[in-house]
Amino acid sequence: MSDFLSTAIHAAREAGKLLRENFGAPLEVSAFEAHDIKLDLDVRSQELITKLILDRYPDHAIFGEEGIAGNQESKYHWIVDPIDGTVNYFYSIPHFCISIALRHGEEIIAGVIYDPMRDELWSAGKDADATLNDVACYVSARTKLSDAILSVGFSKTRTTITSGLPLLEKMVYRARKCRLMGSAALDMAYVASGRLDAYIEQSVSLWDIAAGKIIVEKAGGSVQVTDHPELKGKISVIASSGKIDLTV
Ligand code: LIP
């Protein structure tokens, strides 16, 4: 395993310990928004991940949900979501994760997603297969939308909820089931493990999906990422097994 991957795995597991220790405890809230919550713990988790990565690679850059650090001129950028599923975490819903990806130039070359509550760790690299807890994982083999289970995300604003509802309405009649689970990265990890057939969200950030992209692709799936037409810096994502027709 590359040292990049082992560094990301170590950092994700250490941040996972921090999140487990604080799960269910009173939390410091930095911001309450209509459809989002920011926690002080988001910052503490990213600070821990940043320290562990930059201690190993002092000349690299960190680009995370809670800010940037390190040498931003570096070709190596670590893309970090220190708690993906922060609202779930705040409400003591045990469905959240840490997502860490490494991008070299424009290419994502390593990805790690860690669910500390179930102790499930997905990883993949340019020269490493997609694995769940060190066992190879693959996207689902289902080929019919009527047999599929999909996750649809609505992100954090009225704009994205309004644009997401018609998509959900279309899919909920055609798929076996649709889910809204609140963690983009875990949704992508579940696609890579065949638990979900697809995950669709029209406005997420790079840190939500960077690790999931390489993990899904190395598990045999496909990930389409496009710039959001209206929201600057936001992206739309369709991660799927690549075996079902979603264009209904
Ligand atoms: C979350 C995403 C989720 C989206 C939420 C939020 P966060 O990321 O994983 O898919 O629907 O609005 O953006 O903010 O918990 O890291």
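Quick check: is even one residue across region 225-247 surrounded by fewer than 17 Cβ atoms within 10 Å (Cβ to Cβ), hydroxyl-bearing (Ser, Thr, Tyr) and not assigned by TED's automatic domain parsing to the domain that holds Met171? Checked region 225-247: at least one residue is surrounded by fewer than 17 Cβ atoms within 10 Å (Cβ to Cβ), hydroxyl-bearing (Ser, Thr, Tyr) and not assigned by TED's automatic domain parsing to the domain that holds Met171. Looking across region 17-30 at every residue that is more than 14 Å from the ligand (Cβ to nearest atom) and not in a helix (DSSP H, G or I), the one that is surrounded by the most Cβ atoms within 10 Å (Cβ to Cβ) is identified as Phe23.
Every residue, every condition in (1) outside any loop (DSSP other than H, G, I, E, B); (2) over 19 Å from Ala210 (Cα atoms); (3) of a type outside the set (Asp, Glu), yes or no:
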{"site": "Ala15", "(1), (2), (3)": "yes, no, yes"}
{"site": "Phe32", "(1), (2), (3)": "yes, yes, yes"}
{"site": "Ile37", "(1), (2), (3)": "yes, yes, yes"}
{"site": "Gln46", "(1), (2), (3)": "yes, no, yes"}
{"site": "Thr50", "(1), (2), (3)": "yes, no, yes"}
{"site": "Asp55", "(1), (2), (3)": "yes, yes, no"}
{"site": "Ile62", "(1), (2), (3)": "yes, no, yes"}
{"site": "Ile68", "(1), (2), (3)": "yes, no, yes"}
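Tell me, please, whether a residue that is open to solvent by 30 Å² or more (accessible area, probe 1.4 Å) and either farther than 17 Å from Asp115 by Cα or not basic (Lys, Arg) (or both) can be found in region 183-191. No. Only one residue in Val87, Val80 is within 16 Å of the chain's Cα centre (by Cα), within 25 Å of Ser155 (Cα to Cα) and either of a type outside the set (A, V, I, L, M, F, W, C) or open to solvent by 10 Å² or more (accessible area, probe 1.4 Å) (or both), so which one is that? Result of the check over Val87, Val80: Val87. Taken together, Leu150, Leu206 contain a single residue that is crowded, with 24+ Cβ neighbours inside 10 Å, more than 23 Å from Ser92 (Cα to Cα) and of a type in the set (A, V, I, L, M, F, W, C), which is Leu150.
For region 164-193, the set of residues classified as over 16 Å from the mean Cα position of the chain (by Cα) and more than 15 Å from the ligand (Cβ to nearest atom) consists of Pro166, Glu169, Lys170, Met171, Val172, Tyr173, Arg174, Ala175, Arg176, Lys177, listed by residue number. Assess whether Leu41 counts as being in contact with a helix residue (DSSP H, G or I) (Cβ under 9 Å, 6 or more places away or on another chain), assigned by TED's automatic domain parsing to the domain that holds Ser123 and more than 12 Å from the ligand (Cβ to nearest atom). No; evaluated as a whole, the condition is false for this residue.
Just one of the numbered conditions (1) touching a residue at least 60 places away in the same chain (Cβ under 8 Å); (2) more than 16 Å from the ligand (Cβ to nearest atom); (3) more than 13 Å from Leu150 (Cβ to Cβ); (4) assigned to a loop (DSSP other than H, G, I, E, B) is not true of Ile244: (3).
The values are calculated or read from the model by the stated rules, or taken from the named source; none is laboratory data. Fair warning: this is a prediction, and the values are worked out from it, not measured in the lab. All Cβ positions, glycine included, derive from the backbone under ideal geometry; neighbour counts span all protein chains shown. Just so you know, the surface numbers come from the protein's heavy atoms only, side chains and all, with ligands and any DNA or RNA stripped out. Shrake-Rupley method; radii C 1.70, N 1.55, O 1.52, S 1.80 Å.
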